[in-house]
1. If you scan the range 48-94, which residues turn out to be in a helix (DSSP H, G or I) and among the basic types (Lys, Arg)?
2. Out of the range 257-292, which residues are at pLDDT 70 or above, out of contact with any helix residue (DSSP H, G or I) (no Cβ under 9 Å at 6 or more places or on another chain) and not hydrophobic (A, V, I, L, M, F, W, C)?
3. I'm trying to understand the selection: among the residues of the range 176-190, which are within 13 Å of LYS12 (Cβ to Cβ) and part of a loop (DSSP other than H, G, I, E, B)?
4. Failed condition for ILE164, given (1) out of contact with any helix residue (DSSP H, G or I) (no Cβ under 6 Å at 6 or more places or on another chain); (2) assigned to a helix (DSSP H, G or I), with all others met?
5. Does the range 112-119 contain any residue that is modelled with pLDDT of 85 or more and either outside any helix (DSSP H, G or I) or within 25 Å of SER239 (Cα to Cα) (or both)?
6. Would you be able to say whether some residue in the range 33-41 is of a type in the set (Phe, Trp, Tyr), at pLDDT 85 or above and either part of a loop (DSSP other than H, G, I, E, B) or surrounded by 10 or more Cβ atoms within 10 Å (Cβ to Cβ) (or both)?
7. Which one of these is part of a helix (DSSP H, G or I), crowded, with 21+ Cβ neighbours inside 10 Å, more than 11 Å from the chain's Cα centre (by Cα) and of a type in the set (A, V, I, L, M, F, W, C): LEU215, LEU173?
8. Please count how many residues of the range 246-256 are assigned to a helix (DSSP H, G or I) and either buried (at least 16 other Cβ atoms within 10 Å of the Cβ) or at pLDDT 70 or above (or both).
Amino acid sequence: MMNTSPQPVKTKAKKEVVLISGYLLFLAVLSLYLILFPSNVQEPRFTIETLFLNVVGALVIFSPILYIWWRSSAEDSLNPMIKQSIKTKAVVGIVALALVLPFALLPLEILVDNILTLLPENISKAAQTLNEQSNAVFIVQQMEYSALVIVSLYLALAAMPAIIEEFVFRGILQHRMHVSGIKPIWAIGLSSLIFCVIHLQLVNLLPMMVLSSILGWLYYHGQSLHYSVLFHALNNAFSITILIGFGGDPSSNESSPWFWIISMGGIFTAIMLLKYLHKTLRSEDIIHPNNE
């Protein structure tokens, strides 16, 4: 994806990147304060209604960013890339990767969890509090399963967040980083880091960074928001399926040899699928982009 935007558009994109990044970091700090400040710590309760209210809340919170996009939507180069022709082989690879990745990322979750146990107790406790307040595991554990609840979980925790977050973080933020002249590998890395920060999941920091980087990689290489939205939604949906099947967090079975066999197999398969997708999408090498 070559950056051939005129200088005024690049300058505008740079300003919007600063505004959007600053706003997202402000939201992260505000959320951190509301969660950790003693008088505000409450035991969250999730129902079907609160699940969808959270989705509406996300739209409200992201509305300033959506306004920035709408204000600049007349500039074609600042609009998210949405290819009309989607490669079937790429879709097959994305579906397979979404099924495999949750297993491949489990060792990283355990690694971070073990590192947190070495930290001072107050820091470790704060990290666990953050994780419980924002983690799908905690939400799924609180729900009493029924057909309506399960459908609601897939809609509110898989499909809708995938559409909203991919549009904001890849279609708006990362895309503007590309247009502003930032090298693709840095644009993917920075937007992924901000994505992780806004989610406030220290325990899942490394797995989420890997996931977010893959999403950014798919958007850049596939030159379409469809690919990253599909992968994000499927990954969320399959993770929810695992959580429901295990009745909680599957990483709690780490003592089983099967856990490590499945995880290592997941890592190997994920690497092979990424190579397959890179070949299938046939785009520029991310390490040596042409931004001239």
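The values are calculated or read from the model by the stated rules, or taken from the named source; none is laboratory data. Computed from a predicted structure; not experimentally measured. Here Cβ is always computed from backbone atoms with ideal geometry, including for glycine, and neighbour counts include all displayed protein chains.
1. Of everything in the range 48-94, those that are in a helix (DSSP H, G or I) and among the basic types (Lys, Arg) turn out to be ARG71, LYS89.
2. Within the range 257-292, PRO257, LYS275, LYS279 qualify.
3. Passing the criteria: only GLY181.
4. Every listed condition holds for ILE164 apart from (1).
5. no
6. Checked against the condition, which is being of a type in the set (Phe, Trp, Tyr), at pLDDT 85 or above and either part of a loop (DSSP other than H, G, I, E, B) or surrounded by 10 or more Cβ atoms within 10 Å (Cβ to Cβ) (or both), the range 33-41 yields no hits at all.
7. LEU173
8. Residues meeting the conditions: 2.
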